[in-house]
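Written below as structure tokens is the structure these notes are about.
The values are calculated or read from the model by the stated rules, or taken from the named source; none is laboratory data. Since we're looking at a predicted model, the values are computed, not measured. Here the Cβ positions follow ideal geometry from the backbone for every residue, glycine too, while neighbour counts run over all protein chains shown.
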Amino acid sequence: MTDFNIGNYATVIEPTAASNIPPRGTVYARVGLPKRGKTYWAARWNPTHDPARTLYLDADRCVLRYPYHYPKMTTLPLISWVPPTDNNGKILPPDQRGYWNNRKQIRAWSFKEALALIRTMASNGVLQEKFDTVAIDTVDILQDWSEAYHLSQVNAKRKAEERADTIGELSVAHGSAWSDARNVLTDGLNTLAEICRNVDVDCVLNVHAKTTTQVGNVWQRDPALRGGVTAALFGMVDVVGYCNVKDTTKKDGDDYGTVYKGQAYVISYTVTSEINTGGSRLGPIVNKTLPNCYQAIMAEYAKEKE
């Protein structure tokens, strides 16, 4: 075996100088309580802060009503995990799914349909040409939809009297029910992340937060997700940030535009033994709290190069 060459099978990582720009194709989880800047800054999560460079998957119904804040942003309104059907099992047309905006019924999509569209765009080169970022708002809503879908699939194979109303009921007789439901969601998110990574498009996953127990002087700031989903999600992404606000004397527009009416919109990538929601594979932002925008990350990379 002296002529065996592992290089024929493996890829050897060549040393390179530190980059002065963040790597593209990075997957970010952005967690925070409502009204902490998750949506506004996810829409601008690119080097120019231009919403037109973001493809936005809106399950929270929070951007189309405010066109002033999201000019030229391409938005796919989401309404379900899989395409909704009528009473006869026929898939409803996208413009007949009960999604209204400005008194008009508009096209709405399931997450699975949006995923297929994004895969097609990436294969055709359109995704990476038109967009820097694909954003989802919010993962906890997708969790509810995916669980309902999984439950419906299980019940479809059961007699009427044996059908369950919740995943919890399934788990009594079927111990893997929660993990099976979790996999429906995380497999879908992982597929989206891989599509984006393969074409150097960033992926932003917004998640609502909940406060849980207090440890010392710190309230835990966990995602509003099942425990198993949180673990799988945080293991999948490259960066976990916690969005918050703090009082400031800075002027509106300072810190790359993240200061507004006496409050600074910040994001913490810090993780400690008491705080679980944070962390980064991007060295320049590890254990830092920064303005809640992409340009702040770029600035940290520029410092590393100095």
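Given PRO84, PRO51, PRO94, PRO34, which one is free of Cβ contacts under 8 Å to residues at least 40 places away in the same chain, within 22 Å of THR258 (Cβ to Cβ) and of a type outside the set (D, E, K, R)?
PRO51
Which residue is nearest to TRP178 (Cα to Cα), if the candidates are limited to the stretch 213-240 and must be assigned to a strand (DSSP E or B) and modelled with pLDDT of 95 or more?
Applying the filter and picking the extreme gives VAL240.
Specify the residue that is modelled with the lowest pLDDT; the eligible residues are those in the stretch 271-306 that are out of contact with any His (no Cβ under 9 Å at 6 or more places or on another chain) and of a type in the set (S, T, N, Q).
Checked the stretch 271-306; the qualifying residue modelled with the lowest pLDDT is SER273.
Do we have any residue at all in the stretch 88-96 that's buried (at least 16 other Cβ atoms within 10 Å of the Cβ) and not in a helix (DSSP H, G or I)?
No, the stretch 88-96 contains no residue that is buried (at least 16 other Cβ atoms within 10 Å of the Cβ) and not in a helix (DSSP H, G or I).
So which pairs qualify, if the first residue must be in the stretch 241-260 and crowded, with 17+ Cβ neighbours inside 10 Å, the second must be of a type in the set (Gly, Ala, Ser) and in a helix (DSSP H, G or I), the Cβ gap must be under 7 Å, and the two must be at least 6 apart or on different chains?
Between residues of the stretch 241-260 that are crowded, with 17+ Cβ neighbours inside 10 Å and residues that are of a type in the set (Gly, Ala, Ser) and in a helix (DSSP H, G or I), the close pairs are TYR256/ALA296.
Could we say that ALA135 is outside any helix (DSSP H, G or I), modelled with pLDDT of 95 or more and closer than 22 Å to LEU57 by Cβ here?
The answer is yes for ALA135.
Of the residues that make up the stretch 3-22, is at least one outside any loop (DSSP other than H, G, I, E, B), under 30 Å from ALA108 (Cα atoms) and hydrophobic (A, V, I, L, M, F, W, C)?
No: the stretch 3-22 contains no residue that is outside any loop (DSSP other than H, G, I, E, B), under 30 Å from ALA108 (Cα atoms) and hydrophobic (A, V, I, L, M, F, W, C).
Among the numbered criteria (1) surrounded by 13 or more Cβ atoms within 10 Å (Cβ to Cβ); (2) of a type outside the set (Gly, Ala, Ser); (3) modelled with pLDDT under 95; (4) under 30 Å from PHE234 (Cα atoms), which one does THR16 miss?
(1)
If you go through the stretch 261-271 one residue at a time, how many are touching a residue at least 40 places away in the same chain (Cβ under 8 Å) and either over 22 Å from the mean Cα position of the chain (by Cα) or in a loop (DSSP other than H, G, I, E, B) (or both)?
0
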